[in-house]
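As structure tokens, the structure follows; a few thoughts come after it.
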Amino acid sequence: MEKMDFKAGDMVVYPTHGVGRVEGIEPQEIAGHRLELVVISFPRDRMTLRVPLAKAATSGLRKLSTQKVMKDALTRLKGRARVKRAMWSRRAQEYEAKINSGDPISIAEVVRDLHRKVDQPDQSFSERQIYEAALDRLACELAAVEKIDRDKAAERLEELLMAA
């Protein structure tokens, strides 16, 4: 397994929380074991997360996506929505799993599949919630990769969806 190399100031993605900033690596003793913890802050959520360095890769913690991966995710947004005919509860679980995977391409698929054009019927409350969560997660990573603010990134995603 590759050793992950994080420094204070690095922008990272934690699958279930999205984009955060590494505040540093701090040693801590827990139950008699000495651990190196990656300290990550998520200012929007007013949250700080400590992840053992040894478990960083298995927890899904990763550096920001490359420009190429983001470009692939944006290309995925422009595709045709693939909505399965399964029960909503089953689809909702699959969408949540894709969002929590932290993979921008999977998240883009959720945004694409749940996006409603003007002439389409309204979404249910839970559909809207999942759509907003996926859009927010994707916009945050796009903003960090392209060094723009989150609102501009969200606007760009919406424009791509409207053009599709």
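No value in this document is a laboratory result; all are computed from the given coordinates. On a predicted model such as this, the values are computed, not experimentally measured, just so you know. Virtual Cβ from ideal backbone geometry, glycine too; neighbours counted across all protein chains shown.
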With the dipole of the chain worked out from charges on the C-beta (+1 for Lys and Arg, -1 for Asp and Glu) around the Cα centre, which of Ala144, Met87, Ala56 lies farthest toward the positive end? Met87
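Where a ≥ b ≥ c are the square roots of the eigenvalues of the C-alpha gyration tensor, would you call region 76-138 rounded, which needs a/c under 1.5, or, failing that, prolate if a/b is larger than b/c, or oblate?
rounded
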Helical mean residue ellipticity (222 nm; -39500 (n - 2.57) per DSSP H run of 4+; nearest 500) of the chain: -14500 deg cm²/dmol
Pairs of alpha-carbon atoms within less than 8 angstrom and 6+ residues apart define the contacts here; what relative contact order does the chain have, in percent? 21
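Just list whichever of Lys7/Lys63; Lys71/Lys147; Lys7/Lys98; Lys55/Lys147; Lys98/Lys152 have alpha carbons separated by over 21 Å in the model shown.
Lys7/Lys98; Lys55/Lys147; Lys98/Lys152
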